[in-house]
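All remarks here apply to the structure that follows.
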Amino acid sequence: MSLSQQIDQFLQKRTRSERQLIYVTLAILIAFLAYEYLLPISKRFMNTEKRKRDQIRKKLEEDKNYLRIMTVKGDPEYYIKFYNRQIQEQKRRYQALVDKKRYLEERIQELSYLLYNKQKWAQFLNSLTHKAAEYKVQIDYIENTFLDVSENFGHVLEVEIGCKGAFKDLIAYLNDIEQSDLVVDVYSLQMEGAQPTNLTFKVSVWGINL
């Protein structure tokens with residue numbers, strides 16, 4: 001026999017007033033249990049849901065305020081576009097600086113012969129005797145003076161050369177010296193005699209400070 005059938009038999013054996021008393025007692029018990037257990041659970045559930053609702057409302061209000069702040073002239077993406085333009089402009093400026101640096105480096109490389117360089121000047125002095133031997137010119141003496149023109153401009157190497165040889169060989173020798181990769185100026189020429197011809201001349205070599 002099932003539990004419900006047993007309960008029915010139990011109630012049928014009771015008088016009407018006893019059944020009413022049982023019903024009232026059960027109702028009071030159910031109400032008590034609901035008040036003691038279900039009500040707190042319901043309150044906690046309601047409080048939790050209320051907090052969630054309040055958080056959602058707060059977040060929604062913050063998002064609305066953010067959109068109001070970010071919207072300019074009816075465009076909610078105004079500042080996004082603005083900062084994107086700023087980023088692109090900075091990229092263009094950076095690239096322009098990179099290009100300018102590369103250009104300057106290339107120009108400096110092209111004009112390196114103008115720059116003061118002790119090693120190149122030493123090589124130039126050494127080449128004077130080699131070129132003389134190449135053109136069958138006899139060197140009598142070589143004197144050089146180093147001048148520091150200024151701290152900001154550069155330096156000057158002045159060289160005086162006394163030599164002798166055939167006229168055409170001396171001219172070829174002078175021309176070769178002037179063709180140097182450095183900034184060379186041949187001046188103060190003095191020639192005398194023939195077969196051989198004696199030649200005294202001066203050479204200045206310029207070098208610019210960076």
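Read-outs throughout are calculated quantities, based only on the coordinates presented, and are distinct from any laboratory measurement. Just so it is clear, the structure is predicted and the values come from calculations on it, not from any experiment.
Of all lysines in the structure, those lying under 18 Å Cα to Cα from Lys136, and not within fewer than 8 positions of it along the same chain, are Lys164, Lys168. In order along region 82-92, the Karplus-derived 3J(HN,Hα) couplings, from 6.51 cos²θ - 1.76 cosθ + 1.60 at θ = phi - 60°, round to 4, 6, 5, 5, 4, 4, 4, 5, 5, 4, 5 Hz, and Gly and Pro are given as x.
Each residue of region 22-27 was assigned a 3J(HN,Hα) from its phi angle through the Karplus curve 6.51 cos²θ - 1.76 cosθ + 1.60 (θ = phi - 60°); the sequence is 4, 4, 5, 4, 5, 5 Hz, with glycine and proline shown as x. For region 114-208, what is the percent of antiparallel DSSP beta bridges, rounded to the nearest 5? So the antiparallel bridges in region 114-208 amount to around 95 percent. Its Kirkwood hydrodynamic radius, worked out from the mean inverse distance over all distinct Cα pairs, puts region 114-208 at 13.7 Å. Rounded to whole numbers, the Karplus 3J(HN,Hα) couplings from phi for region 64-70 are 5, 4, 4, 5, 5, 5, 6 Hz, using 6.51 cos²θ - 1.76 cosθ + 1.60 with θ = phi - 60°, and x at Gly and Pro.
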